[in-house]
1. Taking R0 as 25 Å, what's the FRET efficiency between residue 195 and residue 119 from their Cβ-Cβ distance, rounded to 0.05?
2. Provide the per residue accessible area, probe 1.4 Å, for the chain, rounded to a whole number of square angstrom.
3. Can you check what the net charge comes to around residue 166, using other residues whose Cβ is under 12 Å from the Cβ of residue 166 (Lys, Arg +1; Asp, Glu -1)?
4. Looking at this model, which pairs from 41/165; 119/169; 119/165; 62/169; 41/253 are more than 28 angstrom apart at the alpha-carbon?
5. Under a Cβ-Cβ cut-off of 15 Å, what is the net charge of the residues other than residue 195 that fall near it, where Lys and Arg count +1 and Asp and Glu count -1?
6. For a quick check of understanding: with a 1.4 angstrom probe and all protein chains in place, what accessible area in square angstrom does residue 222 have, to the nearest ten?
7. When the helix-only estimate is applied to the chain (DSSP H runs of n ≥ 4, each -39,500 (n - 2.57), divided by the residue count), what is the mean residue ellipticity at 222 nm, nearest 500 deg cm²/dmol?
8. Decide, for the chain, between rounded, prolate and oblate: order the square roots of the alpha carbon gyration tensor eigenvalues as a ≥ b ≥ c, take rounded if a/c falls under 1.5, and otherwise choose prolate if a/b is larger than b/c, else oblate.
Amino acid sequence: MTVHIPQAPAAPLQLIDMVFPGDTNHHGTLFGGVALAHMDKIAFLAAARHGRAPFVTASSEKIDFAAPAHRGEMIEATARVIRVGRSSLDVEVQLIAEGTVNAERRLCTRGRFTLVAVKGPDTRLPLPPLQDAAPTDDGRLHMVDMVFPGETNHYGTLYGGDALKMMGKAAFIAATRCSRAVIVMAASHRIDFVSPVHEGEMIELISQVREIGRSSILTDVELWAENLLDGARRHAATATFTMVSVDDEGRAKPIDRDSAAQRLFTQRL
């Protein structure tokens, strides 16, 4: 089913990723360039979703790095549109590092990006004005990303394997935030691909913990595709994953179910 959204309010968008060894320097911390790439990407997505036009980054204000993000941590980039002109707008982005087990969160950096709409047949000027942000917290984890050419097949659509990688990451983050334990994937259950995702579209991953067991967590993930020019959204895929808490030797380790249930309850408030 395709849902048309002609204009979305200026609600924040969130991109969450892991800091893997290939993204770090010799100190074991996230490269500044990788951090800026994440920030620029989420700024672009926020701009395109607001203006429903092709955008390019024109400039950014001075960006100071206040704290590092370490290998193995999560990074959360959040963006919201804060100013709209006739053909340009400003997006405020903040990047937060989060410990997977200890849940420690610290602000790494924030910045302000100016993006300009490229004039053409798909661009309507002036850009729509700012609106009050609509409530979006439904107790589920929402993450966005974008489909680039290197992730597509010869049909110009997202590879099934890359879609599964993204959905697995969303399941991992949801299960980790619930359990605050060392989590690995134990099984992927039924996966249904219902619609292709095209190059240049935004994807939204929506994950939710369904069940907490002795050492396992059952997590559902939905993948949605969104055309950034007209706002049409399609449900692209659904999957269920079993994630398991493990100890240092890779053996199943019991989860503190009371604490996990409390965290899950708090997230859904």
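The values are calculated or read from the model by the stated rules, or taken from the named source; none is laboratory data. As the structure is a prediction and not an experimental result, all values here were calculated from the model. Note that we place each Cβ from the backbone using ideal geometry, even for glycine, and neighbour counts take in every protein chain shown. The accessibility values were calculated without ligands, DNA or RNA, using every heavy atom of the protein model including side chains. Shrake-Rupley method; radii C 1.70, N 1.55, O 1.52, S 1.80 Å.
1. Values: r = 31 Å, r/R0 = 1.24.
Rounded to the nearest 0.05, the efficiency is 0.20.
2. Numbers: 13200 Å² over 269 residues.
That works out to 49 Å² for each residue.
3. On the way: positive: 165, 169; negative: 17, 145, 151, 162, 204, 222.
It works out to a net charge of -4.
4. Details: 41/165 19 Å; 119/169 36 Å; 119/165 35 Å; 62/169 31 Å; 41/253 37 Å.
Correct reply: 119/169; 119/165; 62/169; 41/253.
5. Values: positive: 233, 234; negative: 192, 199, 201, 204, 222, 226.
Summing Lys/Arg as +1 and Asp/Glu as -1 gives -4.
6. Estimated to the nearest 10 Å², residue 222 gives 60 Å².
7. Values: 3 runs with 51 residues, N = 269.
After summing the helix terms and dividing by residue count, I get -6500 deg cm²/dmol.
8. Numbers: a/c = 1.84, a/b = 1.43, b/c = 1.29.
It is prolate, given that a/c is not under 1.5 and a/b is the larger ratio.
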